[in-house]
Amino acid sequence: MEDRLTEERLTQDEVIDSFIGRGILTAEQAESIRYAPRWSVTIRELVMYLGSLIVVAGVVRLIAVIFEDASRWTVCAALYFAAILFASGSLFVGNKSAILHRLAEVLEVLAVLSAALATAIPLDEANMRGEWIASILFGAVVVWGAFRVMRSMFCGTVFLVVGLMGVASSLSEGFRNDTFNIFGVLVLVAAAFHLWLGTAEIGMAMLSRAAGALFVVIGSTAFAQEFDNKLLFFPAITGGLLFALGALELEPVYLFAGALCVLIGVISMVVENINNEVAQGIVIIATGLAVLGVLSIQVRKAVNRPTPGIPTA
């Protein structure tokens, strides 16, 4: 555990070189690791996806023509039938190979999408408001994503990213009032969840981390607009925390999103409270330099901090 903590501060090349020096790897093995791609997709799989996309586009066009004058209930039945076909195809393909596993999850996404669109029709016929229909459907996607996220290569993560943002948007519309909009709060809750989920051993964890970082920017900016713009500093705080997290974990997406969030907060506060444009520019530059100085010191301390039990050079 202690070795792992120290090696996380090294680059990939440095770790590989240390393994060579300690006799863990040969030079040939090291070169194979050094130049191996992080992930690989065969030409056959890419052609298969391209062909499938063309087929789906043709099917959608054909269905649009066939059901142009059909009743809504006929369309609903057709969508449910399509969902059953996609789900059956996903189950049939199964885990026979990595390529077919990815294809199965694509079919699963199409099955969930078809089922959601089909379910929206009877809910709309029951005169339910659109935001509550969306809340129910996106909530169901979140539940299914939570069930699948630890078992799938990517679809569970995709369901959670799309579902949580959909729930936040639809619920905020459903509970909208003139005093407070809960959209920012809900998106920040979703951001915290995805930042946590991105640390777990899940498929496509990078998507969860990227979504969490993006949701921090969106949620902080939205929340700052509440309370008569008295919280314009809020994005600068959340952005600073996210940037610090990125510096500690060496996660570029956190660094970028955190810096963007800080920039939004600083500019918003300066524009709101300073009327002179020249003074605004000077304050923004000075604040930026101060933030960069403080953060660089903290990053240097974090990177050079000795781990207990590990002798330092």
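The values are calculated or read from the model by the stated rules, or taken from the named source; none is laboratory data. Just so it is clear, the model here is predicted, and its values are computed rather than measured. All Cβ positions, glycine included, derive from the backbone under ideal geometry; neighbour counts span all protein chains shown.
Do you know which residues across region 110-128 are surrounded by 16 or more Cβ atoms within 10 Å (Cβ to Cβ) and of a type in the set (A, V, I, L, M, F, W, C)? Those that are surrounded by 16 or more Cβ atoms within 10 Å (Cβ to Cβ) and of a type in the set (A, V, I, L, M, F, W, C): Leu110, Ala111, Val112, Leu113, Ala115, Ala116, Leu117, Ala118, Ala120, Ile121, Leu123.
In summary, Val93 fulfils each of the numbered conditions (1) in contact with a Leu (Cβ under 7 Å, 6 or more places away or on another chain); (2) among the β-branched types (Val, Ile, Thr); (3) under 23 Å from Val161 (Cα atoms) with the single exception of condition (3). The residues of region 85-105 that are surrounded by 19 or more Cβ atoms within 10 Å (Cβ to Cβ) and hydrophobic (A, V, I, L, M, F, W, C), listed by number, are Phe86, Val93, Leu103, Ala104.
Pairing each residue of region 40-51 that is in a helix (DSSP H, G or I) with any residue that is at pLDDT 70 or above and surrounded by 10 or more Cβ atoms within 10 Å (Cβ to Cβ), provided the two are 6+ apart or on different chains, yields C-beta distances under 7 Å for Glu45/Ile99. Residues in region 230-265 that are surrounded by fewer than 21 Cβ atoms within 10 Å (Cβ to Cβ) and without any contact (Cβ under 8 Å) to a residue 40 or more places away in the chain: how many? Of the residues in that region, 10 qualify. Of the helices (runs of 4 or more DSSP H) lying entirely inside region 146-229, those containing at least 1 residues that are in contact with a His (Cβ under 6 Å, 6 or more places away or on another chain) and within 30 Å of Gly94 (Cβ to Cβ) are 205-224. Only one entry of Ala82, Ala87, Ala134 meets the criterion of being among the small types (Gly, Ala, Ser), more than 24 Å from the chain's Cα centre (by Cα), outside any loop (DSSP other than H, G, I, E, B) and closer than 26 Å to Leu197 by Cβ, and that entry is Ala87.
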